[in-house]
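The structure under discussion appears below in the form of structure tokens.
Only the coordinates and a few stated rules stand behind these numbers; no lab work does. Bear in mind the structure is a predicted one, so any value in this text is a computation, not a measurement. No Cβ is skipped: glycine too gets one built from the backbone with ideal geometry, and neighbour counts run over all protein chains shown.
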Amino acid sequence: MSARVRRTLAGLTALCCLFVGLSQVRSIPLPSKRPLGVDIPQKRPDAAEEPDDDEGDAGVVALPEMRPTIPERADARTGDDDEPDAVAETDEETEEIDLAAPPIPSRAPPPSLRRPRIAAEKLGPPPPPETWSEAEIAEAKAQCAKTVSDEAYAFKPLEPVKDGVCGMPAPIRLAALKLTPEVEITPHATMTCVLAAALNRWMVEVVQPRAKDLLDDQIVSLTNISSYHCRTRYNDPRQRISHHAFGEALDISAFGTAKGQRISVLDDWEGEAPRNKFLREIHAGACRIFGTVLGPEANAAHKSHFHLDMAKRRHGSYCQ
């Protein structure tokens, strides 16, 4: 036998031995793996066989069912200590709890069955006092004594007026300014003494000098269409309270002269005649005496009159 044949037979013999060894290794049983810390329950002899719904699970050992532990819940609250606790719903027929079903949430009683909450105090600022205090009345009367006298004003002191936020602690009814000539207020106007003093200053410093220069006449009457009135601006409830509500505003629609002229804000504002210039110039002169001056150029609501009030402003008067 040649050497080449002997080498071929030796290789075939070694290859056969290798195949035999591999077949023996595959036949050795391997130990089964089980999860750490989990005991595999033994099936009871009398337990019924359950069908295998998943063919891919054949030969796999099933683990015991792991269910979460449901902690005991504290009584639910409605969020308000003043309201009653909510009562949890329970099943009176059985004490067993189905762990597979979610817990039934506790429900608060509807708002219609809750106890109404009573606020400790009312919302917003405290309401104004129903009457003026003695100190407020005394202070206002003292101020009137300094600014309005019988020698310069024809007026009548009135009782304190209080109507919610409206009113005055020491109002007066002004009938006339005792100038030369006297200027009558028609109808008589209810106002504070501060407004009466400002009106007198306007007549002395502005109105009478302009009437003399432009009209060669003197003013003897003022037509008052609104003085004290408890209302909002423009009688609009969405607007702020008007200065008329505090007796610190006066609306004048016309001026009467000693020669019998009647100068109307509605009829005589436009134009270049002396009476037109008179109205525009006394309107401009009022802006350095009163806090607010409104006329026909302000808006349609003031096309027929001048509005004069004692508003206190940081940067001078508001004049239109």
Legend entry - Potential lengthening between Arg6 and Lys146 on full extension [0.36 nm per residue; Cα-Cα distance subtracted]: 35.6 nm
Inset, instruction - Find out how many positive minus negative residues lie around Asp268, taking Lys and Arg as positive, Asp and Glu as negative, among other residues whose Cβ is under 11 Å from that of Asp268. - result: +2
Inset, instruction - Give the relative contact order (percent, whole number) for the range 134-319; include only Cα pairs under 8 Å separated by 6+ residues. - result: 16
Inset, instruction - Just flag the GluC sites (Glu not before Pro) in the range 134-237 sitting in loop per DSSP whose Cβ has no more than 11 other Cβ atoms within 10 Å. - result: Glu151
Legend entry - Net charge of Cβ neighbours under 12 Å - reference Glu130; Lys, Arg +1; Asp, Glu -1: 0
Legend entry - Normalised convex hull volume, the range 134-319, alpha-carbon set, Å³ per residue: 119
Legend entry - Phi to ³J(HN,Hα) by Karplus 6.51 cos²θ - 1.76 cosθ + 1.60 over the range 177-183, Hz, x for Gly, Pro: 9, 7, 9, 10, x, 5, 10
